[in-house]
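Asks: Next up is a structure, given as structure tokens.
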Amino acid sequence: MNRLTQLLSSAVLSLWALPVFAVGPEPVWTLSGFAQPESVVYAKQQDLFYVSNINGEGTAKDGNGFISRVSPDGKMIKREWLKGLNAPKGLAYNNGFLYIADIDELIVVDTGNSRITARYKAAGAKFLNDVAVDSGGRVYVSDTGTNSIWRLSGTSFAVMLSSPKLEGPNGLLVEGGKLIVGSWGVMTGNGFETSEMGYLQSVDRTTAALEPRFAPIPFANIDGLVSDGKGGYILSDWMHGNVYKVSATGEANLWLLLEQGSADIGLGPNKRLLVPMMLNNELRAYALD
């Protein structure tokens, strides 16, 4: 993208998607005491949240990472429910099993007995990030570092799609026959700096075809991504601390203006949006209505 295009995109975006006066609602509750919380997922069967804690460098295999359990009303049930992980990030829950993205492997935990039942190595992966599960039990994992999406089908864990056009895939959401992908943006090679911010696009889960992006103006360094239950989406921008509501046609509107570090968001009961604030070591709950 040349400089003129960047300026035009920024100008359009500022009018189209960024009401700078908006700050959004106050949290219903805030829970502190985490160690770089990255992702949160609600386990309906158990009526609790699981929260991943990196607790160190995001790519360090140091064994410092852990998973916390939190009640729906914002109480810490057990801070270090599962220990000995490296840098756990994205989480997904399905039928009693917790799926954890941990640098270059997908870890499966039986939440009934708190034991790891499987580890799936992602050879060549650099930064496994978000996790999503479809109705058939297939698990999808983004690798932001290599522009790839992995898929676990049965016991086979392999690359589903690898393309520079994914532009730093991070947030994932299963929607019918599609996998909605939130990109971080075009990486410059200088840490997580981007020359162009991210947007939303989709992948056909049968053919793995990457489809035209439907939030066409780059507007965020996307981290978490969930459905709003109305045909649209809610997503977090880690770098800028923003949370957006995005319509089904791709129009983005700022909903929450937060601090940097708003990570992989999740949905909870009573229409709550859960936001891990990685740099504040907090988990916040917001009312969606």
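Asks: Could you say which residue among G137, G65 is under 20 Å from I265 (Cα atoms) and in contact with a strand residue (DSSP E or B) (Cβ under 8 Å, 6 or more places away or on another chain)? Reasoning before the result, please.
Replies: On the way: G137 fails: under 20 Å from I265 (Cα atoms).
Of G137, G65, the one residue that is under 20 Å from I265 (Cα atoms) and in contact with a strand residue (DSSP E or B) (Cβ under 8 Å, 6 or more places away or on another chain) is G65.
Asks: Would you check if there is a residue in region 270-279 being free of Cβ contacts under 8 Å to residues at least 40 places away in the same chain, open to solvent by 20 Å² or more (accessible area, probe 1.4 Å), among the charged types (D, E, K, R) and closer than 14 Å to M197 by Cβ?
Replies: no
Asks: Quick one: which residue in G171, G191 is under 20 Å from A125 (Cα atoms) and either among the aliphatic types (A, V, I, L, M) or crowded, with 19+ Cβ neighbours inside 10 Å (or both)?
Replies: On the way: G191 fails: either among the aliphatic types (A, V, I, L, M) or crowded, with 19+ Cβ neighbours inside 10 Å (or both).
Answer to the check: G171.
Yes/no matrix, rows are residues, columns are (1) farther than 20 Å from Y140 by Cβ; (2) part of a strand (DSSP E or B); (3) more than 16 Å from the chain's Cα centre (by Cα):
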position	(1), (2), (3)
Q201	no, yes, no
T206	no, no, yes
P216	yes, no, yes
M239	yes, no, no
T249	yes, no, yes
L254	yes, yes, yes
L283	yes, yes, no
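Asks: Still on this structure, please answer the following. Search region 218-232 for residues being in contact (Cβ under 8 Å) with a residue 24 or more places away in the chain and assigned to a loop (DSSP other than H, G, I, E, B), and hand back the single one that is most open to solvent (accessible area, probe 1.4 Å). Write out each step before concluding.
Replies: The initial filter retains those residues of region 218-232 that are in contact (Cβ under 8 Å) with a residue 24 or more places away in the chain, namely 218-228.
Within this subset, residues satisfying the condition of being assigned to a loop (DSSP other than H, G, I, E, B) are 218-219, 221, 228.
On the way: P218: 18, F219: 3, N221: 5, D228: 53 Å².
If we take residues in region 218-232 being in contact (Cβ under 8 Å) with a residue 24 or more places away in the chain and assigned to a loop (DSSP other than H, G, I, E, B), then D228 is most open to solvent (accessible area, probe 1.4 Å).
Asks: Of the residues G241, G266, only one is in contact (Cβ under 8 Å) with a residue 12 or more places away in the chain, at negative phi, open to solvent by less than 10 Å² (accessible area, probe 1.4 Å) and out of contact with any His (no Cβ under 7 Å at 6 or more places or on another chain); which? Please lay out each step first, then the result.
Replies: Working: G241 fails: at negative phi.
Result: G266 is the single residue among G241, G266 that is in contact (Cβ under 8 Å) with a residue 12 or more places away in the chain, at negative phi, open to solvent by less than 10 Å² (accessible area, probe 1.4 Å) and out of contact with any His (no Cβ under 7 Å at 6 or more places or on another chain).
Asks: Something else: Restricting to region 202-234, name every residue that is closer than 24 Å to P276 by Cβ and polar (S, T, N, Q).
Replies: Of everything in region 202-234, those that are closer than 24 Å to P276 by Cβ and polar (S, T, N, Q) turn out to be N221, S227.
Asks: Next question. Inspect all residues belonging to region 114-125 and state whether any of them is on the phi > 0 side of the Ramachandran plot and over 18 Å from the mean Cα position of the chain (by Cα).
Replies: Just the residues of region 114-125 that are on the phi > 0 side of the Ramachandran plot, to begin with: 114, 124.
Okay, now just the ones that are also over 18 Å from the mean Cα position of the chain (by Cα), so 114, 124.
Within region 114-125 (the criterion being on the phi > 0 side of the Ramachandran plot and over 18 Å from the mean Cα position of the chain (by Cα)), the answer is yes, since at least one residue qualifies.
Asks: Residue under question is K245, and the condition is that it be touching a Gly at 6+ places or on another chain (Cβ under 8 Å), farther than 20 Å from E167 by Cβ and among the basic types (K, R); does it hold? Let's see the steps before the verdict.
Replies: Details: touching a Gly at 6+ places or on another chain (Cβ under 8 Å): yes; farther than 20 Å from E167 by Cβ: yes; among the basic types (K, R): yes.
Yes.
Asks: Among the candidates A248, A287, A263, single out the residue that is within 30 Å of S195 (Cβ to Cβ) and at pLDDT 95 or above. Steps first, please.
Replies: Working: A248 fails: at pLDDT 95 or above; A287 fails: within 30 Å of S195 (Cβ to Cβ).
Of A248, A287, A263, the one residue that is within 30 Å of S195 (Cβ to Cβ) and at pLDDT 95 or above is A263.
Asks: Name the residues in region 204-216 that are hydrophobic (A, V, I, L, M, F, W, C), open to solvent by less than 50 Å² (accessible area, probe 1.4 Å) and modelled with pLDDT of 90 or more, would you? Full working, then the answer.
Replies: Taking region 204-216 first, the residues hydrophobic (A, V, I, L, M, F, W, C) are 208-210, 214-215.
Cutting the leftovers down to open to solvent by less than 50 Å² (accessible area, probe 1.4 Å) gives us 208-209, 214-215.
Answer for region 204-216, where residues must be hydrophobic (A, V, I, L, M, F, W, C), open to solvent by less than 50 Å² (accessible area, probe 1.4 Å) and modelled with pLDDT of 90 or more: A208, A209.
The values are calculated or read from the model by the stated rules, or taken from the named source; none is laboratory data. Nothing here was measured: the structure is a model prediction, and the numbers come from that model. Every residue, glycine among them, receives a Cβ derived from its backbone with ideal geometry; neighbour counts consider all protein chains shown. For the accessible areas, the whole protein counts, side chains as well, though only heavy atoms, and no ligand, DNA or RNA atoms are used. Shrake-Rupley method; radii C 1.70, N 1.55, O 1.52, S 1.80 Å.
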